[in-house]
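The structure appears below as structure tokens.
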Amino acid sequence: MPQSLAAVYVHGIFSTKNRRPFLREKTIRESLYCYLGGVSKELKCPPLLVDGYIDHVHLLVRFSRTITIADWMKETKRVSSIWLKQQRGVSSAFDWQDGYAVFSISQPECPAVKDYIASQEEHHTCRGFQDEMRNLMKNNGLEWDERYVWD
């Protein structure tokens, strides 16, 4: 085949350091989601949706065939952290957690995942980030050790 093609969708999630609610202000969150989408697009991983809540973000993207997941996450978190610290109303102590979670998504699952991501504010009125992550890890068949998941 003379052309390289890929249709790989991923759902990435990461939190603020120690899940501190640095993103309380809705206007900052909305600007952050746009910025994260732009960063991901520059990395050749066009976003389908970026959303989140006061202490974490979700990205649903069509993944590039030219970058690793680790490099995508590292660069997305690095540049968005710099950008956030320059925004009025965001503490200079802001930082993202060290780790992240990324789950593979089939194309037919994308609409359901988009709905899930879009309902984050409503979703987190009754469940915190750690419970959400435990549920996602369980639903994706992952085993984890609580001592090493949270920072």
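Taking label positions 7 Å along the Cα-Cβ direction at both W83 and D145, the computed distance is 3.6 nm, reported to one decimal. For the residues Y148, Y116, Y33, a 1.4 Å probe over the protein chains yields an accessible-area ranking, largest first, of Y148, Y116, Y33. The residues packed around M137, meaning those with a beta-carbon under 15 Å from its beta-carbon, carry a net charge of -1 if Lys and Arg are +1 and Asp and Glu are -1.
Restricting to DSSP H runs of at least four residues, report the calculated mean residue ellipticity at 222 nm for the chain, -39500 (n - 2.57) per run over all residues, nearest 500 deg cm²/dmol. Here the helix-only value at 222 nm equals -12000 deg cm²/dmol.
Solvent-free Debye calculation, one equal scatterer per alpha-carbon of segment 23-68: log10 I(q)/I(0) at 0.18, 0.19, 0.25, 0.32 Å⁻¹ equals -0.51, -0.56, -0.83, -1.11. Per-residue 3J(HN,Hα) values for segment 141-147, derived from phi via the Karplus relation 6.51 cos²θ - 1.76 cosθ + 1.60 with θ = phi - 60°, read x, 8, 9, 8, 10, 3, 5 Hz in sequence order (x marks Gly and Pro). What does the accessible area of K41 come to, in Å² to the nearest 10, when a probe of 1.4 Å is used? Roughly 140 Å² of K41 is accessible to a 1.4 Å probe.
Note on C126: accessible area is roughly 120 Å² with a 1.4 Å probe, heavy atoms of protein only. For the chain, the relative contact order works out to 32 percent when only alpha carbon pairs closer than 8 Å and six or more residues apart are counted. For the pair E122 and Q3, a Förster radius of 35 Å applied to the C-beta separation gives a FRET efficiency near 0.25, rounded to the nearest 0.05. Straight Cα distances below 13 angstrom link K44 to the aspartates and glutamates D71, E75, with same-chain residues fewer than 8 positions distant left out.
Rounded to the nearest 10 square angstrom, S64 shows an accessible area of 20 square angstrom against a 1.4 Å probe. The residues of segment 54-123 expose on average 53 square angstrom of accessible surface per residue, using a 1.4 Å probe on protein heavy atoms. As I understand it, the dipole of the chain uses +1 on the Cβ of Lys and Arg and -1 on the Cβ of Asp and Glu, about the Cα centre. Which of G12, W150, L36 lies farthest toward its positive end? The residue sitting most towards the positive pole is L36. When Rg and Dmax of the Cα atoms in Å is calculated for this entry, the matching label among (i) 15.2, 52; (ii) 16.5, 56; (iii) 15.0, 42 is (i).
The distance from the alpha carbon centre of segment 1-63 to that of segment 76-92 is 15 Å, rounded to a whole number.
The values are calculated or read from the model by the stated rules, or taken from the named source; none is laboratory data. Only a predicted model underlies this, so the values are computations on that prediction, with no experimental measurement involved. Don't worry about glycine lacking a Cβ; one is built from the backbone with ideal geometry, like all the others, and counts go over all protein chains shown. Accessible surface areas use protein heavy atoms only, side chains included; no ligands, DNA or RNA. Shrake-Rupley method; radii C 1.70, N 1.55, O 1.52, S 1.80 Å.
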